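Enquirer: Mind having a look at this structure? Questions to follow.
Read-outs: derived from the displayed coordinates by stated rules, not from any lab. Remember, it's a predicted structure, so these values are computed and weren't measured experimentally. Glycine gets a Cβ as well: all are built from the backbone with ideal geometry, and neighbour counts include every protein chain shown.
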Amino acid sequence: MKSTNNVFPISSLIITLLLSGCASAPSHLIVAPEIMAPSANQHIDKQATLNVVDMRTANHIVQILRKNEAATLFSAQERLEDIINNSLSENWQKQGLAIQASAINTFNIAIEKAVISVTQETLRYQVQTEIILKVTINNSLQTLTSTFKNRGNSKGPFKADIAVLERNFNQRLANLLQQILANKKINHFLK
């Protein structure tokens, strides 16, 4: 009878330890910007080629820095250039622009910066976010270059939440892509 009483607490402890091991932190960010761009047919009978290139020296999006420790890095689940390419292609097509391999108009988008830098201290953290996209358009007669930036800072108590960082990054990226899609200079430059 005595051995049965000891089995229940030990088995409960083992189950608890096993379940807590399953609740691990995410290893990647899900980058999925939700764009609310106008879908008016403003590019009827226009075509463009779209190339997105990642010019960053490192592929991670989040870097969590702690004093005297190696940085913790999180990358996007998919390649950032593919996400931007798909988002812009889909929304330009909604606006009537045909995205093709060979077209008069050529969009070249360079991801110059896309990073969330978290300085994590014992009881607080600070976040600096910066996204820079350089857009170059060639319409066979002229070239237009514009740089789109989104920067922000925040801070909070205790530990930075990866889910909150992910949501904020998606909002900032969506805002930047909406600016590109709605840019009057870009829209008037297309032939």
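Enquirer: With r as the distance between the Cβ atoms of residue 141 and residue 32 and R0 = 45 Å, compute the FRET efficiency 1/(1 + (r/R0)^6) and round to 0.05.
Expert: FRET efficiency, residue 32 to residue 141: 0.80.
Enquirer: In nanometres, what is the gap between the two model label sites at residue 65 and residue 122, each 7 Å from Cα along Cα-to-Cβ?
Expert: 2.1 nm
Enquirer: Quick one: what are the phi-derived ³J(HN,Hα) couplings along segment 139-156, Karplus 6.51/-1.76/1.60 with θ = phi - 60°, whole Hz, x for glycine and proline?
Expert: 3J(HN,Hα) across segment 139-156, in whole Hz: 10, 6, 10, 9, 10, 10, 10, 9, 10, 10, 10, 9, 10, x, 10, 8, 8, x.
Enquirer: Taking K and R as +1 and D and E as -1, what net charge do the other residues with C-beta under 15 Å from the C-beta of residue 142 add up to?
Expert: Combined, the nearby Lys, Arg, Asp and Glu give +2.
Enquirer: Right, here's the next one. Checking the a/c ratio against 1.5 first, then a/b against b/c, what shape does the Cα gyration tensor give for segment 53-128?
Expert: In terms of gyration-tensor shape, prolate.
Enquirer: What net charge do the residues around residue 133 carry, taking every other residue with its C-beta under 10 Å from that of residue 133, with Lys and Arg at +1 and Asp and Glu at -1?
Expert: Net charge around residue 133: +2.
Enquirer: Could you please report the charge total around residue 28, scoring K, R as +1 and D, E as -1 over all other residues with beta-carbon less than 10 angstrom from its beta-carbon?
Expert: Every neighbour counted, the sum reads -2.
Enquirer: By the gyration tensor of its Cα atoms, with a ≥ b ≥ c the square roots of the eigenvalues, what is the shape of segment 114-191: rounded for a/c under 1.5, prolate for a/b over b/c, or oblate?
Expert: Taking the square roots of the gyration eigenvalues as a ≥ b ≥ c, segment 114-191 is prolate.
Enquirer: On to the next question. Based on the mean of other Cβ atoms within 10 Å per residue, sort peptides 123-132, 159-168 so the most packed one is first.
Expert: 123-132, 159-168
Enquirer: Taking the Cα-to-Cβ direction at residue 45 and at residue 90 and moving 7 Å from each Cα, how far apart do the two end points lie in nm?
Expert: Label-label distance for residue 45 and residue 90, simple model: 3.0 nm.
Enquirer: Among 97, 163, 83, which residue has its Cα furthest toward the positive end of the charge dipole of segment 27-189, with +1 on Lys/Arg Cβ and -1 on Asp/Glu Cβ?
Expert: 163
Enquirer: Rounded if a/c is under 1.5, else prolate if a/b beats b/c, else oblate: with a ≥ b ≥ c from the C-alpha gyration tensor eigenvalues square-rooted, which is segment 27-189?
Expert: Prolate is the answer for segment 27-189, as a/c is 1.5 or above and a/b outweighs b/c.
Enquirer: If you don't mind, another one. Report the extension gain between residue 53 and residue 82 in nm, rounded to one decimal, defined as 0.36 nm multiplied by the number of residues separating them, less their alpha carbon distance.
Expert: Length gained, residue 53 through residue 82: 9.5 nm.
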